[in-house]
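Have a look at the structure below before the remarks.
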Amino acid sequence: MSKKYPITVSSWTLGDQCTFEERVKAAKEAGFEGIGLRAETYVDALNEGLFDADILAILEKYDMKVTEVEYIVQWAEDHRSYEQKYKEQMCFHMCELFGVNHINCELFDVKQINCGLMENYSVAHTAQKLKELCHRAGEYTIGVEPMPYSGLPNVKKAWAVVKESGCENAKLILDSWHWLRANQPVDLSVLEGIPAEKIVSVQINDVYERPYAASILRDESMHDRLAPGTGAKDTVGFVKMIKEAGVSPRAVGVEVISDAIVAKGLKEAASLTYDNTVKVLKEAWPELLED
């Protein structure tokens, strides 16, 4: 496997009902090189009674690394909650602790999810707020992830915001589920004008032929994704597109958020997602699997 492009099991893929060591062990045994952690799953580890030194010791025990930190939200609001401000600082701490340089950032209002309402500001407003976030992040890269049910519904608007921010540490994260559900063609032309170095990482998964209704699309995203290459869309084509664009991702995240898959058990969920990821990468970008 590649140490340069670590194949990473994203936090949600293994659910939130396991201990930190169980998470790391399952990922390692399946074949993953890294794990993703949300601020919430890091706090869960602390609530187990672990200290940072214990967490690092568990990672060393299994020869694993945290290679993905998630996620900052509500960053475009003028008046953010203390919870979200603290979560942002927690993400910065996690980056320092684990040696991760980029943070996944999403543009939606967690208070409004159940109502189907998301932050939807102008490019100018959002770019200014991104600039402020990038300043607070300092040396860390802010990876902006477009999502079809958010204020940044597609790559076009997300890139416009990143570009207008003028920040060197503002970049994009591209997820195949969000890409496909935004009805964007899997075509290199969609990335035209976006420098390859402005895409910091990618996440892959798959989708059913028919999406949930627009008003509940986030429910599909959070409960009913499919493993890479096992659905109705072209995950292989998505990965080939990223490769052809000249992207050098800091991590290849496998984000398969699925109640059905997690219900199979931690070991099965890790193995299923990893094995299907390898099949996709062998066809689309075999170099990612090389040392």
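The C-beta contact set for the range 72-87 (first residue closer than 17 Å to residue 37 by Cβ, second residue acidic (Asp, Glu), distance under 6 angstrom, 6+ apart or interchain) comprises 72/88; 73/106.
Among the residues of the range 13-29, those that are surrounded by fewer than 22 Cβ atoms within 10 Å (Cβ to Cβ) and either of a type in the set (A, V, I, L, M, F, W, C) or not in a helix (DSSP H, G or I) (or both) comprise 15, 16, 17, 18, 19, 20. Candidates in the range 65-87 are the residues that are part of a helix (DSSP H, G or I) and either under 15 Å from residue 133 (Cβ atoms) or of a type in the set (Asp, Glu) (or both); of these, the one that is most open to solvent (accessible area, probe 1.4 Å) is 86. Of all the residues in the range 30-47, those that are free of Cβ contacts under 8 Å to residues at least 60 places away in the same chain and either in a loop (DSSP other than H, G, I, E, B) or out of contact with any Cys (no Cβ under 8 Å at 6 or more places or on another chain) (or both) number 11. If you check 50, 107 for being open to solvent by 30 Å² or more (accessible area, probe 1.4 Å) and part of a loop (DSSP other than H, G, I, E, B), only one passes: 50. Are any of the residues in the range 19-36 touching a Gly at 6+ places or on another chain (Cβ under 9 Å) and over 26 Å from residue 220 (Cα atoms)? Checked against the condition, which is being touching a Gly at 6+ places or on another chain (Cβ under 9 Å) and over 26 Å from residue 220 (Cα atoms), the range 19-36 yields no hits at all. For the range 216-229, filtering for residues that are open to solvent by 70 Å² or more (accessible area, probe 1.4 Å) and in contact (Cβ under 8 Å) with a residue 12 or more places away in the chain leaves 2. Within the range 88-103, restricting attention to residues that are assigned to a helix (DSSP H, G or I) and more than 17 Å from residue 10 (Cβ to Cβ), the residue that is most open to solvent (accessible area, probe 1.4 Å) is 96.
For the range 1-54, a tally of residues being farther than 20 Å from residue 176 by Cβ, under 15 Å from the mean Cα position of the chain (by Cα) and of a type in the set (D, E, K, R) returns 1.
Scanning the range 241-256 for residues that are surrounded by 20 or more Cβ atoms within 10 Å (Cβ to Cβ) and out of contact with any Pro (no Cβ under 6 Å at 6 or more places or on another chain) yields 241, 242, 247, 249, 250, 252, 253, 254, 255, 256. When the range 203-215 is limited to residues that are open to solvent by 10 Å² or more (accessible area, probe 1.4 Å) and aliphatic (A, V, I, L, M), the one that is nearest to residue 170 (Cα to Cα) turns out to be 214. Among the residues of the range 126-144, those identified as under 14 Å from residue 163 (Cβ atoms), assigned to a helix (DSSP H, G or I) and under 19 Å from the mean Cα position of the chain (by Cα) are 130, 134.
Scanning the range 230-239 for residues that are open to solvent by less than 70 Å² (accessible area, probe 1.4 Å) and farther than 14 Å from residue 261 by Cβ yields 232, 235, 236, 237, 238, 239.
In the range 145-254, counting only helices (runs of 4 or more DSSP H) that sit wholly within it, the ones holding 1 or more residues that are touching an Asp or Glu at 6+ places or on another chain (Cβ under 6 Å) span 217-223, 235-244.
Selection within the range 257-291: residues that are hydroxyl-bearing (Ser, Thr, Tyr) and within 18 Å of residue 221 (Cα to Cα). The member of this set that is surrounded by the fewest Cβ atoms within 10 Å (Cβ to Cβ) is 258.
The values are calculated or read from the model by the stated rules, or taken from the named source; none is laboratory data. All figures in this text were calculated on a predicted structure; none of them were measured in a lab. Methodologically, a virtual Cβ is constructed for each residue, glycine included, from the backbone with ideal geometry; neighbour enumeration extends over all protein chains shown. Note: areas computed on protein heavy atoms with side chains; ligands, DNA, RNA excluded. Shrake-Rupley method; radii C 1.70, N 1.55, O 1.52, S 1.80 Å.
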